[in-house]
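The values are calculated or read from the model by the stated rules, or taken from the named source; none is laboratory data. Bear in mind the structure is a predicted one, so any value in this text is a computation, not a measurement. Here the Cβ positions follow ideal geometry from the backbone for every residue, glycine too, while neighbour counts run over all protein chains shown.
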Amino acid sequence: MHLIEQFFDSRCVGCSTWGVMVCDTCIARFTAIPHRAITSRGIPLVALGTYRGGLRALILSAKHRSAHAAIRRLGGALRDAVLPWGNVIAVPVPSSRPGFLARGYGLGSTIARAAELTVANCLLMDDVGTQRGRHRLERLRRDIHVGLRRPPMGSRVVIVDDVMTTGASIDAATDACVRAGLRVVGVLVLAIAEQRATAPLTT
């Protein structure tokens, strides 16, 4: 139990239990069986679950209340799901400038580090503000490219983001990595939009 959480965030944002920001019961419930999907680029994706209910509440708390501990605990739950991909480098989808300034940290980077992955913050984008309320075509217009501080050409990388909704940002990040000569072997997210979720991942 984190002392800071006891003083400043005394209720679990998933079930309202007193004591910690994210209780052990909610972590166990949200991480029991990861979900899988395939992106439109044909890349395998792993998520804790669908973007609804308590899991959605946890992620929104971390996005809008600077609940760093919640993101770290959820990201850490993805460690086992990453193991089949072997030795990979995490490439986070960059947060919007307003979101980063409000939180003080990048969501993708925090998730990747909690999952004990080596992180390369090499993706850059023309900032168009928050993604909230934008449809897929608007999201696809984001100009995401790989900067100079990139992994060596041919490196096996995993795209990391908090939620996959339309998939546009993840596709743009995948395309940028491929153009830079990187090999994208997977996508790691905390949650996936309900209509995109498939059967639970059992291996």
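Quick notes on this one:
- All conditions but one from (1) in a strand (DSSP E or B); (2) modelled with pLDDT of 95 or more apply to residue 174; the one that does not is (1).
- Scanning the stretch 49-88 for residues that are within 14 Å of the chain's Cα centre (by Cα), closer than 29 Å to residue 145 by Cβ, at pLDDT 85 or above and not in a helix (DSSP H, G or I) yields a single hit, 51.
- Looking only at the stretch 89-106, and only at residues there that are touching a helix residue (DSSP H, G or I) at 6+ places or on another chain (Cβ under 8 Å), at pLDDT 85 or above and of a type in the set (A, V, I, L, M, F, W, C), the one that is surrounded by the most Cβ atoms within 10 Å (Cβ to Cβ): 91
- Filter pass, residue 14 being in a helix (DSSP H, G or I), modelled with pLDDT under 90 and either hydroxyl-bearing (Ser, Thr, Tyr) or crowded, with 19+ Cβ neighbours inside 10 Å (or both): no
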